[in-house]
Structure formats: C-alpha cells, structure tokens
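S.K.: Okay, handing you the structure first.
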Protein chains: 2
Amino acid sequence: MDDRVAKGAAAKANAGETRRVRDAETTRGEIIAAARAEFAAKGFSGARVDDIAARTRTTKPAIYYHFHSKEELYTAVLETAYAGMREVEQNLNLDGLPAAEAMRRLVEVSFDYHADHPDWVRLVSIENTHEARHLAGSASIGERNAAVIGVLRGLLERGVREEVFRSGIDPMDLHLMISSLCFHRVSNRHTWGAIFGRDLQAPEHVGAQRVMIVEAVLRYLRA
Amino acid sequence: MDDRVAKGAAAKANAGETRRVRDAETTRGEIIAAARAEFAAKGFSGARVDDIAARTRTTKPAIYYHFHSKEELYTAVLETAYAGMREVEQNLNLDGLPAAEAMRRLVEVSFDYHADHPDWVRLVSIENTHEARHLAGSASIGERNAAVIGVLRGLLERGVREEVFRSGIDPMDLHLMISSLCFHRVSNRHTWGAIFGRDLQAPEHVGAQRVMIVEAVLRYLRA
DNA sequence: GTCTATAAATGGATAGAC
DNA sequence: GTCTATCCATTTATAGAC
C-alpha cells in the first residue's frame with residue numbers, strides 16, 4: 001500500500017532532504033489521512049490547515065495544490081470515510097446462516113465497527129451539525145451506501161419464512177434502530193461520562209452493551 | 001417573563017433610541033437565547049460573536065461585559081439547555097400507573113422532547129465533538145441530571161414485582177438504550193436523508209418510529 | 001510537485017465615551 | 001450597562017522561485 005513512495009526521490013537523495021519529489025497519489029493519501037484526524041478532532045471550522053500540514057511531511061501549498069480548498073479537502077475525507085464503512089457492509093457473508101443467526105452477526109459487526117472507529121463516528125456527527133451539506137454535494141454517495149437496506153430486507157423475508165421473525169417490519173426503520181444503538185454510545189460517550197460518571201468504553205460495559213443491543217434487536221423482531 | 005424590560009428607560013425615551021438601559025438579567029437572557037441559536041447552527045468554532053450580537057438588540061461589547069469570553073458564553077448556553085431537559089424529567093408523574101404503562105409514558109416523553117428540541121440535540125452533539133470539555137468544567141451538572149436513573153431503577157423494580165419485567169436490567173444501560181433511540185434519529189437525520197433519501201421528520205415516519213421505539217423498549221424488558 | 005514568504009481577510013477581544 | 005471604533009492575532013489562500 002505504501003510501496004511506491006518515491007519515484008524520483010533518488011535524484012536528490014542528498015542535499016539535506018530539502019525537497020521531496022513524490023507520487024501524487026501517495027501525497028493525496030497522506031494528506032487525507034492527516035486531514036481526517038484533524039477534522040475528526042476539531043470539526044470543520046476548528047480544524048486548521050496549518051495543523052493538517054504539520055501532520056504530514058508536506059506543506060500547506062501542497063494541500064491547496066491537490067485539494068483547492070479546505071472544504072474540498074473535507075469532502076474528500078468524508079468520501080473515503082464512507083468508503084471504509086461500505087466495504088465492511090459488503091464483506092458480510094450471511095448466506096449460509098439461519099435468519100436469526102445472520103441478524104445477530106450483522107448487529108455484532110455493526111457494533112464492532114462503530115466501537116472500533118470512533119473517528120468515523122465523529123466525522124459523521126460533525127457532518128450532521130453541518131446538515132450534511134458536503135455529503136449532499138458529493139457524487140451519489142447515496143446509492144452505494146443504501147445497500148445495507150437490501151441486505152436487511154432479505155434477512156427479514158427469510159426470517160418470516162423461517163417463522164422466527166414477525167412480518168411488517170420496515171427494513172429502513174430497523175436499520176435506523178441498529179444504527180442508533182451502535183452509534184450513540186460512541187458519539188455521546190463524553191457527555192455521558194460527564195453526567196453519569198460511566199465510561200462507556202470500559203471493557204466490561206462494552207461487553208454488556210453488545211449483548212444488550214443484540215438482544216434488543218432480536219426481541220424486537222421475534223415472531 | 002419579559003415584563004421588566006426597561007427600568008430606567010423612561011429617562012431617555014427620546015433621543016432617537018440611541019441607548020437602551022435595561023435590566024442585566026433580561027439582557028443576559030436575550031444574549032443566551034441568541035447564542036444558543038448561533039452555537040446550535042454553527043458549532044463552537046463556527047459561531048461568530050458578531051452574529052450572536054446581530055441576533056440581539058445589544059452589541060458585542062455587551063456580550064463580553066456579561067460573559068467575558070466566547071467560551072464562557074458557550075458554557076452558559078449549555079447549562080440552560082440542560083436545565084430545560086432536567087425540568088421535563090422532573091415533571092414526569094408516573095406514580096399511579098402500572099410499571100409497563102409508566103415505562104411507555106417515559107419513553108414517549110423522551111421521544112417527544114428530542115423530536116421537539118432539535119436545537120438541544122445539536123448542542124449536545126457539538127459538545128460531544130469537543131469531548132464534553134465545557135460540561136466537565138461546569139458546576140456539578142452531573143448530580144442534578146442523573147435523577148432519571150433513579151426513576152428508571154424504581155420503575156424496573158416495580159415491573160419485576162408486578163411480574164411484567166424480567167430482572168437483572170441495569171437502569172443506566174436502559175437509559176442509554178432509550179436515549180440512543182430518541183437521540184440518533186434527530187441528531188443524524190441529515191446524513192440519513194442524504195444517504196437513504198428518507199426524511200426522518202416527515203409526520204408518517206415520526207409516528208412509526210415512536211411506536212417502534214416504545215415497542216422495542218417494552219419487548220426488551222418483558223418478562 | 002514542492003517549497004518560502006506573504007497577501008488578504010476574518011474574527012475575538014477591548015479602549016474609552018456616555 | 002451600553003455604545004462606536006479599533007486593535008491585533010489568527011488563518012485561509014496564493015505568488016513566485018526551484
């Protein structure tokens with residue numbers, strides 16, 4: 001993934017490391033990673049392009065060269081972030097399992113993804129405080145991400161055929177329920193900690209909540 | 001609520017309205033209301049003190065006179081916002097009802113409060129992206145807000161005695177579950193709209209989700 | 001494609017009159 | 001307590017050399 005770092009770097013390998021000529025794709029990737037951390041940490045307005053530059057081995061003009069504006073950079077960050085989530089959803093293989101088992105698996109994977117990617121959760125929260133302005137402008141993020149709904153619809157139908165789920169459940173409402181339960185405990189853990197004095201990331205609570213959420217979803221669907 | 005607007009205003013009622021001498025409490029209240037709208041709309045860094053001033057009938061120096069800094073003003077906004085939520089929770093009167101009915105009522109009130117106060121939801125989201133830094137510094141917001149947990153604990157015990165709820169449910173986990181379901185559909189409605197093309201605020205969906213959430217909680221507790 | 005240096009604008013905060 | 005006017009640090013963005 002990082003194996004073509006310097007195409008023409010040998011040309012000036014001495015000279016006190018004054019100028020590093022590198023691959024455009026690599027530079028873009030490095031900038032996006034740095035920007036992702038910065039935006040997740042401080043929000044769009046709070047993030048400083050100077051600080052993003054400081055997190056990379058390039059400089060501010062390089063950022064503007066590649067991304068034109070702070071806003072375009074932010075949009076690029078959002079796109080790659082959603083791509084990561086999408087990949088996980090597409091790699092779910094639930095075909096062999098009974099419907100209830102498959103549903104449990106899906107909820108667990110969703111739970112774990114949120115728990116393991118607080119950065120992604122923050123970015124989505126931040127984008128919501130901006131009313132999803134940048135997501136709306138971005139090219140058809142919708143279609144590609146809505147695939148989960150199809151998966152859920154299939155599972156619900158299978159569950160009804162197997163007589164383990166009741167009928168009449170809307171797959172989008174169900175997805176909202178699962179997302180809510182997985183997202184909120186990560187997104188709001190700080191105010192939660194301040195008010196209730198409980199660290200939602202402490203291993204014992206993570207385990208308990210994972211069980212609770214799976215149980216809640218399955219009980220909701222049970223015929 | 002606004003009936004003591006001008007203590008000494010009569011003293012200069014002419015003169016082309018150049019200076020309005022007003023009650024300090026009133027001015028503070030007006031500034032906080034304006035700041036709340038501004039912070040909720042643009043976040044802490046995105047909010048402009050100039051724009052807050054523009055939303056009031058006072059000016060920027062008045063804001064600094066009363067609140068010393070943008071950050072202290074933001075903290076004051078947070079405190080009044082949480083006070084509103086606290087009031088609703090304390091005015092729940094669930095004493096006469098059977099446990100399951102009382103629980104249904106509590107969930108419905110929570111749902112409605114979130115749905116009717118998207119501003120409050122935004123402020124809490126924003127404060128989370130700041131890792132609850134300001135809430136942590138604020139005077140004992142914790143103790144006063146944790147009262148819901150006691151209410152839930154009482155309801156759970158009553159439900160077990162009435163043999164309608166199973167035992168072993170942690171009241172804090174339950175509160176997290178209810179909050180998640182009520183909060184997320186408001187906080188994340190924008191990315192949801194962008195990705196899935198569904199307006200979570202449309203009346204038909206609001207109703208369906210209200211039913212779903214109550215049902216999910218009661219099914220989770222059912223003995 | 002990448003750097004140093006700097007322009008241009010914004011925005012938090014205050015001086016000082018009333 | 002409230003206003004007009006302004007200071008000054010910060011920050012987005014770019015010019016121009018290599």
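S.K.: Taking each label point as 7 Å beyond Cα in the direction of the beta carbon, state the distances from residue A:133 to the same residue in the other copies, shortest first, in nm.
M.R.: For residue A:133, the inter-copy label distances come out at 2.2 nm.
S.K.: Under 5 Å between amide H atoms, partner at least 5 residues away or on a different chain: which partners does residue A:165 have, H built in plane at 1.01 Å?
M.R.: Here the answer is A:160, A:223, since their amide H atoms fall under 5 Å of that of residue A:165.
S.K.: To the nearest 10 degrees, how steep is helix A:203-221 against the longest Cα principal axis of chain A, on a 0 to 90 scale?
M.R.: It is inclined by approximately 50 degrees.
S.K.: With every protein chain kept in the model, how would you rank A:80, B:59 by accessible area, 1.4 Å probe, largest at the top? All intermediate terms of the calculation are to be shown ahead of the outcome.
M.R.: Details: A:80 60, B:59 85 Å².
So, going from the largest accessible area down, we get B:59, A:80.
S.K.: Across 5 Å bins from 0, what is the distribution of all Cα-Cα pair distances for the range B:40-99, in whole percents?
M.R.: Result, from short to long distances: 4, 15, 20, 19, 12, 8, 7, 5, 5, 5, 1 percent.
S.K.: To the nearest 20 debye, what is the magnitude of the charge dipole of the range A:103-223 about its Cα centre, counting +1 on the Cβ of each Lys and Arg and -1 on the Cβ of each Asp and Glu? Mind dumping the intermediate values first?
M.R.: Values: 15 positive and 15 negative charges, 39 e Å.
Result for the range A:103-223 is approximately 180 debye, rounded to the nearest 20.
S.K.: Rolling a 1.4 Å sphere over the protein heavy atoms, what is the accessible area per residue of the protein assembly as shown, to the nearest Å²? Show your work: numbers first, answer last.
M.R.: Working: 21280 Å² over 446 residues.
Ligands and nucleic acids excluded, the result is 48 Å² per residue.
S.K.: Given just the C-alpha atoms of the range B:15-68, how large is their convex hull per residue in cubic angstrom?
M.R.: 75 Å³
S.K.: Using a basic spin-label model with each label point 7 Å from the Cα along Cα→Cβ, how many nm lie between residue A:167 and residue B:206?
M.R.: 3.1 nm
S.K.: Suppose the chain between residue A:90 and residue A:199 were pulled fully straight at 0.36 nm per residue; how much longer would it get relative to their current alpha carbon spacing? Can you show the working numbers first?
M.R.: On the way: separation 109, 0.36 × 109 = 39.24 nm, distance 3.15 nm.
Stretched out fully, the residue A:90 to residue A:199 stretch lengthens by 36.1 nm.
S.K.: Across every pair of different alpha-carbon atoms, what Kirkwood hydrodynamic radius in Å does the protein assembly as shown reach?
M.R.: Details: mean 1/r = 0.0409 Å⁻¹.
One decimal place: 24.5 Å for the Kirkwood radius.
S.K.: Another question, if that's okay. What's the buried accessible area, both sides, between B and A using a 1.4 Å probe, rounded to 100 Å²?
M.R.: Numbers: alone 12990 and 12960 Å², together 21280 Å².
Chains B and A together bury roughly 4700 Å² of accessible area.
S.K.: At what distance in angstrom do the alpha carbon centres of the range A:93-116 and the range B:45-90 lie from each other?
M.R.: Distance between centres, Cα-based: 44 Å.
S.K.: What is the range A:122-212 by shape, rounded, prolate or oblate, if you read a ≥ b ≥ c off the alpha carbon gyration tensor as root eigenvalues and call it rounded for a/c under 1.5, prolate for a/b larger than b/c, and oblate otherwise?
M.R.: Numbers: a/c = 3.10, a/b = 1.19, b/c = 2.61.
Oblate shape, in that a/c is at least 1.5 and b/c is the bigger or equal ratio.
S.K.: Could you tally the net charge around residue B:173, taking each other residue with its Cβ under 10 Å from the Cβ of residue B:173, Lys/Arg +1 and Asp/Glu -1?
M.R.: Numbers: positive: A:185, A:198; negative: B:170.
Neighbour charge sum, excluding residue B:173 itself: +1.
S.K.: Can you send over the carbon and sulfur percentage of the accessible area for the protein assembly as shown, probe radius 1.4 Å, protein chains only? Could you put the intermediate results ahead of the total?
M.R.: Values: 10670 of 21280 Å².
Its accessible area is 50 percent carbon and sulfur atoms.
S.K.: Now for a separate question. Within the range B:108-207, which GluC sites (Glu not before Pro) sit in a loop by DSSP and count at most 10 neighbouring Cβ atoms inside 10 Å? Write down the numbers at each step before the final one.
M.R.: Values: sites: B:108, B:127, B:131, B:143, B:157, B:162, B:163, B:204; in loops: B:131, B:162, B:163.
Listed in order of number, the matching sites are B:163.
S.K.: Given the rule -39500 (n - 2.57) for each run of at least 4 DSSP H residues, summed and divided by the residues of chain B, what is its mean residue ellipticity at 222 nm, to the nearest 500 deg cm²/dmol?
M.R.: Values: 12 runs with 158 residues, N = 223.
After summing the helix terms and dividing by the residues of chain B, the value is -22500 deg cm²/dmol.
S.K.: With every protein chain in place, what's the accessible area of residue B:165 (1.4 Å probe, Å², nearest 10)?
M.R.: Using a 1.4 Å probe on the heavy atoms, I get roughly 10 Å².
S.K.: If each label sits 7 angstrom from Cα along the C-beta direction, how far apart, in nm, is residue B:71 from its counterparts in the other copies?
M.R.: Once sorted, the set of distances for residue B:71 reads 3.0 nm.
S.K.: Moving to a separate point now. Expressed as a whole percent, how much of the Cα-Cα distance distribution for chain A exceeds 24 Å?
M.R.: Numbers: 13660 of 24753 pairs.
Here the tail beyond 24 Å accounts for 55 percent of pairs.
S.K.: From the protein chains alone at 1.4 Å, what is the descending order of accessible area for A:138, A:167, largest first?
M.R.: Values: A:138 15, A:167 85 Å².
Of A:138, A:167, the descending order of accessible area is A:167, A:138.
S.K.: Follow-up. From the label point of residue B:147, set 7 Å from Cα along Cα→Cβ, how far away are the matching label points in the other copies, in nm, ordered shortest to longest?
M.R.: Here the equivalent label points are 4.9 nm apart from this one.
The values are calculated or read from the model by the stated rules, or taken from the named source; none is laboratory data. This is a predicted model, so every value here is computed, not measured. Positions of Cβ are backbone-derived with ideal geometry, glycine not excepted, and every protein chain shown enters the neighbour counts. Heads up: the accessible areas ignore ligands, DNA and RNA and are worked out on the full protein's heavy atoms, side chains in. Shrake-Rupley method; radii C 1.70, N 1.55, O 1.52, S 1.80 Å.
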